[in-house]
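Reviewing the structure listed below.
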Amino acid sequence: MPNNCCHQFIVKKTDLEQKKRKVCKKCGFIDYKNPKVVAGSLVVRNKKFLLCKRAIEPSYGKWTFPSGYLDASETPEEGAIREAKEEVNIKIKLNKLFAIFTVREKNLIQFVFLASHINKNFRPGIETLEARYFDYDEIPWKSLAFPSVAYVIKKYAKPPKKTPIFHTFSKDYGF
Ligand SMILES: [Zn+2]
């Protein structure tokens, strides 16, 4: 629905709910703070992990697996595949949903898939400075962009019996 109103918010309880929310006194728009959804993939080839060095803030110059915010009406699977294409120009096949993270302070939910790289080459996209495969022993632990990156790689190395893993990051997420 197009909305050209320059909202003038007041904070009040809405009719059906007990929570106070920002409501526009001109058009009635309610500013729900629903979590954002992020989808990404840990791409593994010959026991090596594909990481991208970020060319954007937050965490510029640090390493992460391909991941990003979903577009409108996109599924997590579609988003993860699109992000891998955008960030490192690869085609991936999703093998399974590995983790679902809640990042409380950032109000976001992240889906992480395990994926295979199905074309030969890769090259960094515009949001990526550099991309390469790392052996577990070469992972730049101190230069990872987000705690979820280390978490996923460590869990992959020592997988729990049951997946997907559900985990909540409460603080110090880094962005
Ligand atoms: Zn308004």
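If THR102 meets every condition in (1) in contact (Cβ under 8 Å) with a residue 40 or more places away in the chain; (2) in a loop (DSSP other than H, G, I, E, B); (3) polar (S, T, N, Q) apart from one, which number is that one?
(2)
For (1) within 16 Å of the ligand (Cβ to nearest atom); (2) of a type outside the set (S, T, N, Q); (3) touching a residue at least 60 places away in the same chain (Cβ under 8 Å), each residue gets a yes or a no:
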| position | (1), (2), (3) |
| --- | --- |
| ILE10 | yes, yes, no |
| LEU50 | no, yes, yes |
| TRP63 | no, yes, yes |
| VAL88 | no, yes, no |
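I'd like the residue in the range 135-168 that is charged (D, E, K, R) and in a loop (DSSP other than H, G, I, E, B) and, out of all such residues, is nearest to GLY61 (Cα to Cα).
Across the range 135-168, the extreme among qualifying residues is ASP135.
Go through (1) closer than 15 Å to PRO66 by Cα; (2) in contact with a strand residue (DSSP E or B) (Cβ under 9 Å, 6 or more places away or on another chain) for HIS167 and report which single condition fails.
(1)
Return a yes/no flag: does the range 33-43 have any residue that is more than 16 Å from the ligand (Cβ to nearest atom), among the hydroxyl-bearing types (Ser, Thr, Tyr), at pLDDT 95 or above and not in a strand (DSSP E or B).
Scanning the range 33-43, I find no residue that is more than 16 Å from the ligand (Cβ to nearest atom), among the hydroxyl-bearing types (Ser, Thr, Tyr), at pLDDT 95 or above and not in a strand (DSSP E or B), so the answer is no.
The values are calculated or read from the model by the stated rules, or taken from the named source; none is laboratory data. Since this is a predicted model, take the numbers as computed values, not measurements. Heads up, the Cβs are rebuilt from the backbone with ideal geometry, glycines too, and the neighbour counts pull from every protein chain shown.
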